[in-house]
Amino acid sequence: AQKITQTQPGMFVQEKEAVTLDCTYDTSDQSYGLFWYKQPSSGEMIFLIYQGSYDEQNATEGRYSLNFQKARKSANLVISASQLGDSAMYFCAMREGPGGYQKVTFGTGTKLQVIP
Amino acid sequence: DTGVSQNPRHKITKRGQNVTFRCDPISEHNRLYWYRQTLGQGPEFLTYFQNEAQLEKSRLLSDRFSAERPKGSFSTLEIQRTEQGDSAMYLCASSPSTGGGLPVNIQYFGAGTRLSVL
């Protein structure tokens with residue numbers, strides 16, 4: 001089974017609108033962390049937001065928020081007020097196990113295109 | 001701003017040649033990771049160092065691949081006898097071992113080295 005599933009290969013959003021990128025995960029660990037990264041065409045992976053499995057509040061970072069639904073094993077990224085510069089690939093990722101074990105598994109990504 | 005630095009950015013080589021990539025992590029980070037990313041896929045974990053110790057290696061890291069971090073600072077990834085299937089983006093990331101106010105397991109990535117094997 002895939003550990004990280006991103007079912008939307010591509011998404012379009014109108015500039016200034018909000019968009020939700022889906023991510024579901026599969027783990028039997030109690031301690032894990034979920035990440036979202038942005039990869040523009042330049043190739044660099046840019047860290048956006050992190051959610052720990054024990055965090056009770058949904059993570060927020062500026063225009064980014066993570067809609068964490070533990071029982072459904074979903075960790076969707078919400079981008080509010082989309083900007084043209086948000087056009088990029090977005091990857092959901094998961095670290096399993098306690099903090100000392102650092103392997104991170106990535107999904108296949110969603111390509112977001114912001115339309116003027 | 002001294003982020004993760006990778007050199008070279010692009011490498012074109014002929015099949016059968018050896019190549020070496022370098023990664024300079026963020027200076028206070030003692031954890032370093034290598035990933036491979038092929039077209040249309042997310043990064044795949046290759047290996048992980050804490051200081052100079054290589055603590056985890058993926059099965060993707062065949063015996064033609066070797067990674068080192070001799071002094072716990074920069075790291076090199078060498079591919080011997082390259083094959084066309086090695087063509088990919090090779091990404092390096094680093095993270096601190098203590099949070100400093102942030103979750104310890106956030107990995108910060110470099111811009112990658114794109115390898116093309118002809």
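The values are calculated or read from the model by the stated rules, or taken from the named source; none is laboratory data. In this text, all values refer to a predicted model and were calculated from it rather than measured experimentally. Here Cβ is always computed from backbone atoms with ideal geometry, including for glycine, and neighbour counts include all displayed protein chains. Side chains included, ligands, DNA and RNA excluded: accessible areas come from the protein's heavy atoms. Shrake-Rupley method; radii C 1.70, N 1.55, O 1.52, S 1.80 Å.
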Among (1) within 14 Å of chain B (Cβ to nearest Cβ); (2) more than 26 Å from A:Gln30 (Cβ to Cβ); (3) crowded, with 18+ Cβ neighbours inside 10 Å, there is one condition A:Ser82 misses while meeting the rest; what is its number? (1)
When the residues of the range B:21-35 are narrowed to those that are closer than 18 Å to B:Met89 by Cβ and within 11 Å of another protein chain (Cβ to nearest Cβ), which ends up surrounded by the most Cβ atoms within 10 Å (Cβ to Cβ)? B:Leu32
Answer yes or no as to whether B:Leu46 is within 14 Å of chain A (Cβ to nearest Cβ), in contact with a Pro (Cβ under 8 Å, 6 or more places away or on another chain) and open to solvent by less than 20 Å² (accessible area, probe 1.4 Å). no
Does A:Arg72 meet the test of being away from chain B (no Cβ under 14 Å), more than 12 Å from the chain's Cα centre (by Cα) and more than 28 Å from B:Pro96 (Cβ to Cβ)? yes
Consider A:Lys38 against the criteria (1) part of a loop (DSSP other than H, G, I, E, B); (2) in contact (Cβ under 8 Å) with a residue 12 or more places away in the chain; (3) under 30 Å from B:Ser5 (Cβ atoms): it satisfies all of them except one. Which criterion is unmet? (1)
Might you let me know whether the range A:68-77 holds any residue that is at pLDDT 95 or above and under 16 Å from A:Lys103 (Cα atoms)? no
If you take the residues in the range A:33-49 that are among the aromatic types (Phe, Trp, Tyr) and at the interface with chain B (Cβ under 10 Å from one of its Cβ atoms), which one is surrounded by the fewest Cβ atoms within 10 Å (Cβ to Cβ)? A:Phe47
B:Glu78 fails exactly one of the following numbered conditions: (1) more than 25 Å from A:Trp36 (Cβ to Cβ); (2) without any contact (Cβ under 8 Å) to a residue 60 or more places away in the chain; (3) exposed (fewer than 14 other Cβ atoms within 10 Å of the Cβ); (4) not basic (Lys, Arg). What is the number of that condition? (2)
Specify the residue that is least open to solvent (accessible area, probe 1.4 Å); the eligible residues are those in the range B:1-20 that are among the polar types (S, T, N, Q) and under 11 Å from the mean Cα position of the chain (by Cα). B:Gln6
